[in-house]
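Below is one structure, written out as structure tokens; the observations come after it.
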Amino acid sequence: MKAGTTYSKKQYKRYYRLYSIVGTIFIVLGIFFLIGFPPAGIMVLVVGIPIFIASRSFKKSSIEGGYSKEIEDFVSTSEVGGYIKFNDNTKQILISPKFKPRILNYSDILDYTLLENGETIETKGGLGRAITGGVLFGDVGAIVGGTTGKRKSVTSISELKIKIVTKDMNNPNVYIKLITTSTKTNSFMYKSAYEVAQTILSMLQIVTSQN
């Protein structure tokens, strides 16, 4: 059984404890039900045993797996929520600290864009194609210009993310996902995510200007 590297050692330890407790409870209840009502006991055991086995895997990962030492020991001088961390001393950023994190040097960042439903609305150089076509953020929704220059009113989106292009030929694109489900453009969630995006873009502009 190979140790996992998707989460940090601390996260694996929390999962180990949770699954161990829940699995043990199900197994005890299953044995208890086997005495008076075997069918129910078997069903409970069928659920509890895999959970308990999974806890063993999480325990192994909490000891032998987890993120690399570089990621575990990353110290931030500034950060934006759980999306990105910056270290001005080592000139590095840590993207997606809580899930599949990746460290980049400031000098490795070639470009970055803000994408909404796959459409570029803001770039490293300023306004994106959609914005030049006409974007209006407000209570009535966003007006986004497409490739034809025509405008359409957008009242909800399903995706808002920042794309970072790096010098890594094997894995050149890194994404910071801000919205992944259908969200109305006049909602608090959308406005908050858009503000976070603007903060991240501004900070990326600062660090790339140092290259």
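Only the coordinates and a few stated rules stand behind these numbers; no lab work does. If you're wondering where the values come from, they're calculated on a predicted model, not measured in any experiment. Cβ atoms come from the backbone with ideal geometry, glycine included; neighbour counts cover every protein chain shown.
In the range 160-211, inverting the average of 1/r over every pair of distinct C-alpha atoms gives 12.5 Å as the Kirkwood radius.
Around T180, what is the net charge, scoring Lys/Arg as +1 and Asp/Glu as -1 over all other residues with Cβ under 9 Å from its Cβ? Neighbourhood net charge equals +1. The count of lysine pairs in the range 152-206 with alpha-carbon distances below 16 Å, taking only pairs 8 or more places apart or on different chains, stands at 6. Solvent-free Debye calculation, one equal scatterer per alpha-carbon of the range 1-95: log10 I(q)/I(0) at 0.17, 0.19, 0.20 Å⁻¹ equals -0.77, -0.86, -0.90. Estimated at 0.36 nm per residue, the fully extended path between V46 and S187 surpasses their Cα-Cα distance by 46.5 nm.
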